[in-house]
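Worksheet: one structure, shown below.
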Amino acid sequence: TTLYYQPGLLYGGSLEHDCSPSRGIGYYLESLLCLAPFMKHPLKIVLRGVTNDQVDPSVDVLKATALPLLKKFGIDGESLEIKINRRGMPPKGGGEILFACPVRKVLQPVQFTDPGKIKRIRGTAYSVRVSPQMANRMVESARGILNKFLPDIYIYTDHMKGVNSGKSPGFGMCLTAETINGTILSAELASNPQGQGAAVLPEELGQNCAKLLLEEIYRGGCVDSTNQSLALLLMTLGQRDVSKVLLGPLSPYTIEFLRHLRSFFQIMFKIETKTAEEEHTGGEKVLMTCVGIGFCNLSKTMR
């Protein structure tokens, strides 16, 4: 397959797109989150397809973690939102979300080196085209593990009915842990698609999702592993000023992304490893430091 690509201005505006059901909407949203702040007009896009699957970050996780991250770089306002109108599970999808993002001329540099202690855990247990009891069973089993560490836990149950529940049955869970300094770490799990693999018990899924969240907290850092590359990109495109962010162990995707940043922007990050003894918590951390390239959004019309 060959692709002819001619870069031009990012136009933005109101759009609709039907995503392929073989990948989740999160796959498309990840690239939109990188591009949306630099459009000519504020972006407002409706995406249809699979909202939660086992491959890509779900819409719930991006809503809970990527939006607060954008706000740290000065991309915020009433118009920054991800709204889930319908849920869609694989293989047939049928979900629908709205993503809106304002445009910014320049990004702020960030100093984000102290993740802080975990103060609360929030989450969503969703079920579509299965018994609403499934969500309650997931919540019970997840709380069974997490309540040993923290009292402030609230997991919403989200049971969509009728046309809002997409075309395939399924259930899953998304958990986020928030620290006193505003760091948000997330974990998620979804049931196997209809007709593929063994049936998953909601109790098992809830327990495994709680364990995944504890694993993510152990990895730590100020940005969770899903959004490492987004944070590094926004640091690169910031003002000609020093940005610092403390990350957990770098994911293979992030390592490859750093190579791309070097190729495209000729920017190298200073990478310092912090051992568990220095930080007193969790796994080894990495302090990433860079000076932004001073990127300016030229396509934004002057007012």
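For the range 105-138, filtered to residues that are of a type in the set (A, V, I, L, M, F, W, C) and open to solvent by 20 Å² or more (accessible area, probe 1.4 Å), the residue that is nearest to T281 (Cα to Cα) is I118. Mind checking which pairs have a first residue in the range 249-265 that is in contact (Cβ under 8 Å) with a residue 24 or more places away in the chain and a second that is open to solvent by 70 Å² or more (accessible area, probe 1.4 Å) and assigned to a loop (DSSP other than H, G, I, E, B), Cβ under 9 Å, 6 or more apart or different chains? Taking only residues 6 or more apart or on different chains, the pairs are P249/E284; L258/M268; L261/M268; F265/F295. When the range 231-244 is filtered for residues that are open to solvent by 10 Å² or more (accessible area, probe 1.4 Å) and in a helix (DSSP H, G or I), only L233 remains. If you take the residues in the range 206-230 that are among the charged types (D, E, K, R) and open to solvent by less than 50 Å² (accessible area, probe 1.4 Å), which one is nearest to K72 (Cα to Cα)? That would be D224. Among the residues of the range 22-73, what is the count of those that are within 16 Å of L189 (Cβ to Cβ), of a type outside the set (D, E) and touching a helix residue (DSSP H, G or I) at 6+ places or on another chain (Cβ under 9 Å)? Residues meeting the conditions: 12.
Here is a yes/no grid of residues against (1) of a type in the set (S, T, Y); (2) in contact with a helix residue (DSSP H, G or I) (Cβ under 7 Å, 6 or more places away or on another chain):
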| position | (1), (2) |
| --- | --- |
| T176 | yes, yes |
| N192 | no, no |
| L205 | no, yes |
| G220 | no, no |
| P252 | no, no |
| E256 | no, no |
| H260 | no, no |
| I271 | no, no |
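Among the residues of the range 245-265, the ones that are open to solvent by less than 10 Å² (accessible area, probe 1.4 Å) and either in a loop (DSSP other than H, G, I, E, B) or within 17 Å of T113 (Cα to Cα) (or both) come to 4 in all.
For the range 131-142, name all the residues that are in contact with a strand residue (DSSP E or B) (Cβ under 7 Å, 6 or more places away or on another chain) and farther than 15 Å from L189 by Cβ.
P132, N136, listed by residue number.
Among the residues making up the range 75-99, none is buried (at least 18 other Cβ atoms within 10 Å of the Cβ), among the small types (G, A, S) and within 25 Å of N297 (Cβ to Cβ).
Among residues of the range 128-156 that are hydrophobic (A, V, I, L, M, F, W, C), those with a Cβ under 6 angstrom from a residue that is open to solvent by less than 20 Å² (accessible area, probe 1.4 Å) and part of a loop (DSSP other than H, G, I, E, B), sequence gap 6+ or separate chain, pair up as V128/R87; V128/G166.
Taking the range 26-62 as the range and being in contact with a Gly (Cβ under 8 Å, 6 or more places away or on another chain), open to solvent by less than 50 Å² (accessible area, probe 1.4 Å) and not in a loop (DSSP other than H, G, I, E, B) as the test, the residues that pass are A36, L43, G49, V50, V59, V61, L62.
Which one is farthest from N192 (Cα to Cα), of the residues in the range 140-172 that are surrounded by fewer than 17 Cβ atoms within 10 Å (Cβ to Cβ) and of a type in the set (F, W, Y)? Checking each candidate, the answer is F149.
If you check E178 against the conditions, is it in a strand (DSSP E or B), open to solvent by 10 Å² or more (accessible area, probe 1.4 Å) and more than 18 Å from S127 (Cα to Cα)?
yes
Only one of the numbered conditions (1) of a type in the set (S, T, N, Q); (2) open to solvent by 60 Å² or more (accessible area, probe 1.4 Å); (3) over 21 Å from Q54 (Cα atoms) is not met by S299, and that is (2).
Please verify whether L35 is under 29 Å from V245 (Cβ atoms) and in contact with a Cys (Cβ under 6 Å, 6 or more places away or on another chain), treating the condition exactly as stated. For L35, the condition - under 29 Å from V245 (Cβ atoms) and in contact with a Cys (Cβ under 6 Å, 6 or more places away or on another chain) - is not met.
The values are calculated or read from the model by the stated rules, or taken from the named source; none is laboratory data. Computed from a prediction, not measured in an experiment: that's the story for all the values here. Glycine gets a Cβ as well: all are built from the backbone with ideal geometry, and neighbour counts include every protein chain shown. Note: accessible area is taken over every heavy atom of the protein model, side chains too, but ligands, DNA and RNA are not part of it. Shrake-Rupley method; radii C 1.70, N 1.55, O 1.52, S 1.80 Å.
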